[in-house]
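The values are calculated or read from the model by the stated rules, or taken from the named source; none is laboratory data. The shown structure was predicted, so the numbers you read here are calculated from the model rather than taken from an experiment. As a convention, Cβ positions derive from the backbone with ideal geometry for all residues, glycine included, and neighbour counts pool all protein chains shown. Surface accessibility is based on the protein's heavy atoms, side chains included, excluding ligands, DNA and RNA. Shrake-Rupley method; radii C 1.70, N 1.55, O 1.52, S 1.80 Å.
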Amino acid sequence: MNREQLLRLPPVPRTRVCGCGGRVGRSHLEYLGAGRSLPVYVCSGCGLGYRGDGPAASAEPSHRSRKPLPQGGAPDNPVLDPEIARRILGTQEGG
């Protein structure tokens, strides 16, 4: 469903009951672009889709601070022990 089709969906009924008598529940969020999303609701009886109250602005992107890289390059991989690393690289000690 494209952006225009999403915006043309009927608004979700306040009673959360569809015209067919089925219960209307939240289905998912559709991304509209530019950091905005639209909640989509669907009738459990007939499957009719409804749009939420309006395009919801997603949370501002967090500006997490990054820790500086350690001096001297990337840290060693503590998961691999030296013998396994040699096997993976195909090298042999003293070879």
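List of remarks:
- Expected-Rg normalisation [2.2 N^0.38 Å, Cα atoms] applied to segment 1-42: 1.25
- Highest average packing first - 18-28, 34-44, 80-90, Cβ atoms within 10 Å: 34-44, 18-28, 80-90
- Carbon/sulfur fraction of accessible area - segment 1-52, other protein chains in place, 1.4 Å, %: 51
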